[in-house]
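Peer 1: Attaching a single structure in structure tokens format; questions to follow.
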Amino acid sequence: MERREQKRRVLGRKGTLTDKTKMKRILALLTLFFFCAFAYAQTDLQSHADRAFTEKSYARALELYRRAKAAGAVHEPEKVDYQIAQSLFKTEKWDEAIASANFALKGASWKARFHYLLGQIYVKAPKQAWKLGDRVWRQDEYPAVQGDQKAQQVYLGEEDQKAALENFETAKIEAQKERDLAQRARFVAPIYPLGWDEENDLNFDLAAFLPQVQFEEFLKSLENRGDGKFDDIIDLKQPYARGWSMPKKVLFLYAEIRGLDQSQDRADFARSLLAEGLFLRAYQQRMQGWARKYDEQTKKVVVRPYPFDSSQPVPVWRRLVNELPQSPLAPQALLLIAQEHQNRNELIKAAATFRELIQKYPKSKLVSDARAALSQIEAREISFSLAEPTRPGKQPKFAVSTRNLKTIQFAAYKIKLEDFLTQKSRLSDPETQFTSFTQNFGAIAEARRKFGAPVTTWNYQSDDKGDHQGKNGQVNAPFSALGAYAVIAEARGKRFAQLVLISDLALLKKSDKDGSFVYVADAKSGAPIQNANVVLKEVWNWNPRRVDVAQGQSND
């Protein structure tokens with residue numbers, strides 16, 4: 001009876017709900033609907049923000065993240081805080097980005113990525129700024145300041161450099177801890193350690209930044225250290241430490257990149273080897289200059305040891321070529337190896353490496369550079385000059401320089417100077433000197449046609465060993481009669497020529513602003529020579545250049 005009575009209270013006359021009860025249920029349903037719709041709208045707001053961030057629409061992402069956070073409907077708030085700071089950085093809101101990242105750090109459980117972001121901000125942020133107390137404005141225009149105090153314009157280069165290094169190194173230390181923690185523990189809440197690829201990006205950035213900011217400090221530490229062994233062992237089981245020497249930090253980071261790389265193409269592995277070789281090349285160039293020092297006690301130049309003094313770039317680049325031959329960086333590594341050999345004058349090794357690049361990677365854009373360098377190494381060269389002044393009755397002595405040539409054929413042709421040097425067109429040409437061979441006598445290949453048969457020929461054997469090195473030597477020419485000679489050297493298609501005079505005349509010339517006085521004398525006795533044909537040519541290096549010519553005969 002009691003249950004029926006209760007039922008009557010709920011049901012109307014025909015067994016239906018009362019209007020009042022209907023209204024309550026409708027209101028409850030509406031409330032639930034609007035609550036769900038609101039929650040869905042907020043969740044949808046964050047998804048839109050995530051999408052904008054992924055699409056690199058950072059200004060839009062920043063707006064949406066802030067709206068979602070203000071509504072209190074974000075999930076994974078630590079991730080959202082990072083995306084907000086990153087969006088501020090990408091939109092170059094430098095001061096807000098620094099403040100946002102530092103604020104998020106206070107409550108963050110996973111700190112490495114925030115420190116890494118701060119390091120990037122301090123590297124890229126403008127260095128010209130305004131400062132008032134602890135407040136900084138990184139902008140060109142004067143900031144709006146309340147009160148009587150005035151902001152001062154400052155340069156933050158050194159300050160930002162220290163802050164960047166501090167945050168990069170803190171990020172590295174925290175990343176190692178967080179990676180280890182994530183591997184050993186299970187978390188119910190979301191975790192945000194740096195992924196292996198993100199940690200590798202940090203390693204690349206830190207390895208490139210360290211030499212810029214710590215090289216001078218490293219050199220000072222070497223000057224002040226006592227005797228003892230250097231800490232130059234790279235052990236990846238040890239965590240990164242601030243107290244290591246600069247080169248050990250850099251080499252550790254590049255080695256760790258190779259250990260972290262999980263990609264199928266091992267792109268980071270290849271990049272680390274290329275970058276490590278470049279670092280070692282620059283490091284050795286600078287340290288070799290530092291290592292040589294004059295010892296006041298022994299009065300000799302001594303070579304001081306330094307960390308990693310035996311580490312060289314070529315084996316590092318060779319490892320890249322051997323282990324990752326399909327890497328797009330392998331041709332560049334080969335080019336760097338060849339250039340390093342070339343810089344050390346190891347030309348046989350350089351030529352072999354350039355050929356290896358051409359053969360292994362014929363489609364590489366670096367092949368043209370390799371061909372040009374190889375052509376230069378293998379180029380045949382010859383030149384000669386008088387080793388001492390010619391004297392009447394004495395055979396001329398030539399200093400000969402060759403490269404990639406063994407046997408040189410010489411020929412001497414007797415000529416009349418007046419038939420060539422006194423031509424009006426040549427005398428009036430400011431670019432043609434009396435000693436210019438091709439301008440006065442034409443192409444060397446045309447010598448036989450112009451000069452007739454040579455008066456004498458002879459051979460010269462160089463000390464060439466096939467190592468592409470230049471060789472120097474001397475040879476006596478088998479002629480001594482007075483006269484003018486065109487002497488031509490030829491070997492395997494290469495030619496070189498010089499004008500050689502064996503004369504019993506001597507010329508003394510005195511010049512002043514009004515002209516030149518020439519005294520023609522016997523080379524042995526010094527007696528004046530009469531009726532010698534004299535030609536003088538003077539060139540002024542004006543624009544345009546000017547030529548003046550005088551001709552005459554000497555008197556007593």
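The values are calculated or read from the model by the stated rules, or taken from the named source; none is laboratory data. Computed from a predicted structure; not experimentally measured. Cβ coordinates were reconstructed from backbone atoms using ideal geometry, including for glycine residues, and neighbour counts include every protein chain displayed. Keep in mind that these areas ignore ligands, DNA and RNA; they rest on the heavy atoms of the full protein, side chains included. Shrake-Rupley method; radii C 1.70, N 1.55, O 1.52, S 1.80 Å.
Peer 1: Taking the Cα of ASN472, stepping 7 Å toward and past its beta carbon, and measuring to each backbone N in segment 399-441: which are under 15 Å?
Peer 2: 399-403
Peer 1: Calculate the tail of P(r) for segment 429-528: the fraction of all Cα-Cα distances greater than 22 Å, expressed in %.
Peer 2: Counting pairs separated by more than 22 Å, the tail of P(r) holds 53 percent.
Peer 1: Which shape class applies to segment 227-284: rounded if a/c is under 1.5, otherwise prolate when a/b exceeds b/c and oblate if not, where a ≥ b ≥ c are the square roots of the Cα gyration tensor eigenvalues?
Peer 2: oblate
Peer 1: Here's another thing I want to ask about it. Can you pull the percent of segment 266-368's accessible area that's carbon plus sulfur, 1.4 Å probe, other chains left in place?
Peer 2: Carbon with sulfur: 52 percent of the solvent-accessible area.
Peer 1: Quick check: the angle from helix 112-124's long axis to the longest principal axis of the chain, C-alpha only, nearest 10 degrees?
Peer 2: 40 degrees
Peer 1: What percent does the relative contact order of the chain come to when contacts are Cα pairs within less than 8 Å and at least six residues apart? List each step's numbers first, then the result.
Peer 2: Working: 755 pairs, mean separation 36.8, N = 556.
It rounds to 7 percent for the chain.
Peer 1: Now for a different question. With a/c under 1.5 counting as rounded, go ahead and sort segment 94-231 into rounded, prolate or oblate using the C-alpha gyration tensor (a ≥ b ≥ c being the square roots of the eigenvalues; past the cut-off, prolate if a/b is larger than b/c, else oblate).
Peer 2: oblate
Peer 1: Holding the Cα-Cα limit at 27 Å, pick out from LYS56/LYS150; LYS111/LYS248; LYS414/LYS471; LYS172/LYS293 the pairs that are longer than that.
Peer 2: Check vs 27 Å cut-off fails for LYS56/LYS150; LYS414/LYS471; LYS172/LYS293.
Peer 1: Rounded to the nearest 20 Debye, what is the dipole magnitude of the chain about its Cα centre when Lys and Arg each give +1 and Asp and Glu each give -1 at the C-beta?
Peer 2: Magnitude of the dipole: close to 2120 debye.
Peer 1: So which trypsin sites (Lys or Arg not before Pro) in segment 260-301 are both in a DSSP loop and have at most 13 other Cβ atoms within 10 Å of their Cβ?
Peer 2: Of the trypsin sites (Lys or Arg not before Pro), the ones in loops of segment 260-301 whose Cβ has at most 13 other Cβ atoms within 10 Å are LYS299.
Peer 1: Let me ask another. For LYS397, what charge total do you get from the other residues with a beta carbon under 13 Å from its beta carbon, if Lys and Arg give +1 and Asp and Glu give -1?
Peer 2: With Lys, Arg at +1 and Asp, Glu at -1, the net is +1.
Peer 1: Against the empirical 2.2 N^0.38 Å scaling, what ratio does the C-alpha Rg of segment 299-348 come to?
Peer 2: Values: Rg = 14.8 Å, N = 50, 2.2 N^0.38 = 9.7 Å.
Expressed relative to 2.2 N^0.38 Å, the Cα Rg reads 1.52.
Peer 1: Measuring from the lowest to the highest alpha carbon on each principal axis, how far does the chain reach, largest first, in angstroms?
Peer 2: Reported extents, whole Å, longest axis first: 161, 60, 53.
Peer 1: Translational D (Stokes-Einstein, µm²/s) of segment 169-218 at 4 °C and 1.567 mPa s when Rh comes from the Kirkwood sum over C-alpha pairs?
Peer 2: Taking Rh from Cα pairs, D becomes 105 µm²/s.
Peer 1: Kindly state, to the nearest 0.05, the FRET efficiency for SER503 paired with ARG292, given R0 = 51 Å and r defined as their beta-carbon distance. Before the final figure, lay out each step's value.
Peer 2: Working: r = 50 Å, r/R0 = 0.97.
So the FRET efficiency works out to roughly 0.55.
Peer 1: When the helices in the chain are scored as -39500 (n - 2.57) per DSSP H run of 4 or longer and the sum is shared across all residues, what 222 nm value do you end up with, to the nearest 500 deg cm²/dmol?
Peer 2: Taking each H run of at least 4 residues, the total per residue is -15500 deg cm²/dmol.
Peer 1: Given segment 127-182 reduced to its alpha-carbon atoms as identical point scatterers, what log10 I(q)/I(0) does the Debye formula return at q = 0.22 Å⁻¹?
Peer 2: Debye output, listed in q order: -0.82.
Peer 1: P(r) for segment 351-400: what percent of alpha-carbon pairs falls in each 10 Å bin, starting at zero?
Peer 2: 22, 27, 13, 16, 14, 7, 0
Peer 1: For segment 178-274, just the Cα atoms, rotate onto the principal axes and tell me the three extents in Å, largest first.
Peer 2: Extents along the principal axes: 51, 29, 22 Å.
Peer 1: Report the relative contact order of segment 424-556, percent, no decimals, based on alpha-carbon pairs under 8 angstrom and at least 6 residues apart.
Peer 2: 18 percent
Peer 1: In addition: To the nearest whole percent, what portion of all C-alpha pairs in segment 216-366 is separated by more than 27 angstrom?
Peer 2: 35 percent
Peer 1: May I pose another question? Quote the relative contact order of segment 350-457 in percent (integer), defining contacts as alpha-carbon pairs under 8 Å separated by 6+ residues.
Peer 2: 20 percent
Peer 1: What residues qualify as long-range amide H neighbours of ALA532, i.e. H under 5 Å apart, gap of 5 or more or another chain, H built at 1.01 Å from N?
Peer 2: SER554
Peer 1: What's the FRET efficiency of VAL145 with HIS75 using the Cβ-Cβ distance as r and R₀ = 41 Å, to the nearest 0.05?
Peer 2: 0.55
Peer 1: Could you give the nm distance between label points at ASP134 and ASP463, where each point is 7 Å from its Cα heading toward the beta carbon?
Peer 2: 7.4 nm
Peer 1: Rounded, prolate or oblate, given the Cα gyration tensor of segment 374-443, with a/c below 1.5 counting as rounded?
Peer 2: Judged from the Cα gyration tensor, segment 374-443 comes out oblate (a/c at least 1.5, b/c at or above a/b).
Peer 1: By how many degrees, between 0 and 90 and to the nearest 10, does the Cα long axis of helix 19-54 differ from the longest principal axis of the chain?
Peer 2: 10 degrees
Peer 1: Here's another thing I want to ask about it. Measure nothing fancy, just the Cα-based angle from helix 313-323's long axis to the longest principal axis of the chain, in degrees from 0 to 90, nearest 10.
Peer 2: Roughly 60 degrees, rounded to the nearest 10.
Peer 1: Sorted by accessible area (1.4 Å probe), largest first, how do VAL321, VAL303, VAL74 line up?
Peer 2: VAL303, VAL74, VAL321
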